[in-house]
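The values are calculated or read from the model by the stated rules, or taken from the named source; none is laboratory data. What you are looking at is a predicted structure, and each value in this text was computed from that prediction instead of being measured. FYI the Cβ positions are ideal-geometry reconstructions off the backbone, even for glycines, and counts take in every protein chain you see. Remember, those area values only see protein heavy atoms, side chains included, never the ligands or the DNA or RNA. Shrake-Rupley method; radii C 1.70, N 1.55, O 1.52, S 1.80 Å.
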Amino acid sequence: MLLVIAASSVAGATVHPPGADPTGRTDSSFALNAEIARLCAASVVFRPLASYAISAVPADAELDLGGGVYRIDSPLLANTSVPCTGRLRITRGTLLAGPGLAFHGNWSFLVAVVGYMNTPALGVTLEKLNFASNFTGGGLRVDAYHHVHVYDVNFLNFFSYGVWGSSIEGMAHDLTIERCRFTECTAGFDECGDHRVKRATAILLEFPDSHVRNSVITCGLVGIVNRGGSNTFHEMHIWPSCNPTATGANLTVALRDEAGNTRISDSYIDNSRLQIARYRGTTVTNTYFNGHATLELLPPATSAAALNGAEAGMECQYWRGQMCGLLVTNNRFACGASRCGTLTHDLFIPPAADQIHVSGNHFANASAAVCSRSPGMCQGSDCADLFGACT
């Protein structure tokens, strides 16, 4: 049975964490970090397993911010110094970046879950929060930990990343982001539609086995950069260009896959680019490319030397190409005010390819239709004809 310890309310009256300022006028990072440590320490309950042994029983620790606004000049930390045995949950409030947050380097994030892998904690849940980064730092950094769950969170005005799944400290996995919104530029479409006022990436993932679902990314320079294999993106609306007639540099990147084994499904790529730069096992299915949106096949993110060396066999078996197992099926490419969406394949001609399936897609402009040549394989000069008009 889990023991939930919360700093939320007593007899219906909101009780804010001790020493924290719910008005956002003064820095609350020290007080909130102290309260997280206290709640986690209080959650440790030991019970006898037998006459000769005892064990810590998992118990949750909950920090309820009670709807307050808290200025953060140093990141809120869940790390090896926080001795939770169950799940740490932070909920119901706004974290507002103070000017001091800019001076913490890779730690310049409102919340950092880093190096937590060696603790017995069962996970971290962030729910019903506003991450107001105030163009000062990032929102959430996760590194060397597993089972971080982010639900119903708004990430606003981030300077670097809304969420950074980093790999500096070590391998992490199983980050879940669901029902969230990411907006770098909140000034309105007229200003935010210009790429020159934007600089950040909503989500950067550098580790695998993670899930981003049912979320919206809008008005930023880059939506998602995926560098961790086997990640899933489902039911997404991604519109970083924030511009219904975007062209050129204003047609910004919705998602760039640099990992492979990525699943992109049932999503809405809105007037922006979906780019693939590593191909093994990536699928794009049941997705709507609206207006000017394009799917671009890029040269591999890995160097040519690595592709033709030891990694080539691992990536594409005996194919010396790097394009293998790519499925682009059952998508719709619409037309915008001046041109139509399509699959752009002239940016990279692989030296070899295998098991490429580009089929069953609907192109509003029939002349833009692209299919893979049966049976979706090629070598050498044949690869220039890997894709062509659909028959």
Matching residues in segment 59-101 (part of a loop (DSSP other than H, G, I, E, B), open to solvent by less than 50 Å² (accessible area, probe 1.4 Å) and either more than 17 Å from ASN157 (Cβ to Cβ) or in contact with an Asp or Glu (Cβ under 8 Å, 6 or more places away or on another chain) (or both)) number 13
So which strands (runs of 3 or more DSSP E) stay within segment 204-301 end to end and still have 3 or more residues that are among the charged types (D, E, K, R), within 25 Å of ASP152 (Cβ to Cβ) and touching a helix residue (DSSP H, G or I) at 6+ places or on another chain (Cβ under 7 Å)? none
Taking segment 120-137, which residues are in contact with a His (Cβ under 8 Å, 6 or more places away or on another chain) and either in a loop (DSSP other than H, G, I, E, B) or of a type in the set (A, V, I, L, M, F, W, C) (or both)? LEU122, VAL124, LEU126, GLY137
Inter-residue pairs, beta-carbon under 8 Å, first of a type in the set (D, E, K, R) and in segment 344-366, second open to solvent by 60 Å² or more (accessible area, probe 1.4 Å), 6+ apart: ASP354/GLN317; ASP354/MET377
State all residues of segment 350-369 that are assigned to a loop (DSSP other than H, G, I, E, B) and within 29 Å of the chain's Cα centre (by Cα); if no residue qualifies, say none. PRO350, GLN355, ILE356, GLY360, ASN361
Pair list, Cβ < 8 Å and 6+ apart or interchain, from segment 375-391 residues that are under 17 Å from VAL328 (Cα atoms) and of a type in the set (A, V, I, L, M) to residues that are open to solvent by 80 Å² or more (accessible area, probe 1.4 Å) and assigned to a loop (DSSP other than H, G, I, E, B): MET377/GLN355; LEU386/ILE349; LEU386/ARG373
Filtering segment 146-164 down to residues that are under 14 Å from LEU205 (Cβ atoms) and touching an Asp or Glu at 6+ places or on another chain (Cβ under 9 Å), which residue is most open to solvent (accessible area, probe 1.4 Å)? HIS146
For segment 229-247, name all the residues that are more than 15 Å from LEU274 (Cα to Cα) and surrounded by fewer than 23 Cβ atoms within 10 Å (Cβ to Cβ). GLY229, SER230, PRO244, THR245
